[in-house]
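Below: one structure, written as structure tokens.
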Amino acid sequence: MKNVEQSLLIRLKELGLAEQLQLNDGAWELLSDNPTERPIRLDFLRLETQLQGTLNSLRDQPLFRALGSKGGVRPKVWDVTCGLGGDTMLLLLFGCSVISSERHPIPSLMLLRAYEAYSGLLKQRWQLSLNGDAHGQSVDVIYFDPMYNGPESSALPRKEMRIFREMVGEDEDAEKVAHELMQYGKRLIIKRPPKSPVLLANPSFQQEGKAVRFDVYLPRN
């Protein structure tokens, strides 16, 4: 992991973003441009506890329904752009095995240290892959959550999500990435704002929540 962290730090400096993060007590924190706001710090044990209190019924969760679990068997999911890990933690709490990837160096650095510090039992089913090696692994479901401006159902507070968006920006190539992910021939779930257009035409079905929609594309036989 040290080599990965060093590579990410080099990328941050090349992009002129190194001053957006600070190392505090062994964790990378994302600073706000407002000095009165506390920095964002990842703590997956705390996040796990917070999310457990919200999962009254899996059948009521649109993301769980989008997964298509049958007979109690939970799929292996590749979370392609996991951001700060909110949906990854949800998927783990659903019982899935998860490979989490992220391509932006800011959340990647934060994830790296937080993942190493996390000691929960869910880690047995969780793999963090920041060097691109997830592409060759066998998964049942690909989950794509491009960054967008709009309502957010993430576990992160609204203030923290705003800071994150300001620093990381939107995924302007989301449609291109979605087309590439379709080529894997797996169930593809794309997270979208409720009233936004689809990234790819003709989803097999959709699952809608109050603040988010999941467009599901099934592999063609």
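Brief remarks follow.
- Of L45, V4, L21, farthest towards positive along the dipole that unit charges on Lys, Arg, Asp, Glu beta carbons give the stretch 1-58: V4
- Neighbours of L218, meaning other residues whose beta-carbon lies under 10 angstrom from its beta-carbon, give a summed charge of +3 when Lys and Arg score +1 and Asp and Glu score -1.
- Expected 222 nm ellipticity per residue - DSSP helices of 4 or more, -39500 (n - 2.57), all of the chain, to 500: -9500 deg cm²/dmol
- Entries in K13/K176; K176/K210; K123/K195; K2/K123 that, when Cα-Cα distance is taken, lie over 24 Å: K13/K176; K176/K210; K123/K195
- What the chain shows is 53 Å² of accessible area per residue, with the surface traced by a 1.4 Å probe over protein heavy atoms.
- For the stretch 17-33, 3J(HN,Hα) per residue [Karplus equation, 6.51 cos²θ - 1.76 cosθ + 1.60, θ = phi - 60°, Hz, x = Gly/Pro]: 10, 4, 6, 7, 10, 9, 8, 9, 6, x, 10, 7, 10, 8, 7, 8, 6
- Carbon and sulfur %, accessible surface of the chain computed with the full protein complex present, 1.4 Å: 47
- Working note: Karplus 6.51/-1.76/1.60 with θ = phi - 60° gives the stretch 60-70 the couplings 8, 8, x, 5, 4, 5, 5, 5, x, 5, 10 Hz, where Gly and Pro are set to x.
- Accessible-area order (highest first, 1.4 angstrom probe) of the listed residues F205, F64, F94: F205, F64, F94
- Antiparallel beta bridges, as assigned by DSSP with both residues in the chain, represent about 55 percent of the total such bridges.
- Dipole magnitude (debye, nearest 20) for the chain, charges at Cβ of Lys, Arg, Asp, Glu: 820
- Remark on R187: its backbone amide H falls under 5 Å from those of I142, a criterion applied only to residues 5 or more positions apart or on other chains, H modelled at 1.01 Å from N.
- Using a probe of 1.4 Å, the accessible surface attributed to T54 totals some 80 Å² when neighbouring protein chains are kept in position.
- Note, ³J(HN,Hα) from phi for the stretch 45-56, Karplus 6.51, -1.76, 1.60, rounded to Hz, x at Gly and Pro: 5, 5, 4, 4, 5, 4, 6, 4, x, 9, 9, 5
- Nearest-ten-degree value, helix 158-168 long axis tilted from longest Cα axis of the chain: 80
- Two-site label geometry, I10 and A211: point separation in nm, points 7 Å out along Cα→Cβ: 3.9
- Here the chain is treated as a sphere whose radius is the Kirkwood value from Cα pairs; by Stokes-Einstein at 4 °C and 1.567 mPa s it diffuses with a coefficient of 72 µm²/s.
- Area of V73 that stays accessible when all protein chains are in place (1.4 Å probe, Å², to 10): 100
The values are calculated or read from the model by the stated rules, or taken from the named source; none is laboratory data. These numbers come from a predicted model, not from an experiment. Note that we place each Cβ from the backbone using ideal geometry, even for glycine, and neighbour counts take in every protein chain shown. Quick note on the areas: whole protein, heavy atoms, side chains included, nothing else; ligands and nucleic acids left out. Shrake-Rupley method; radii C 1.70, N 1.55, O 1.52, S 1.80 Å.
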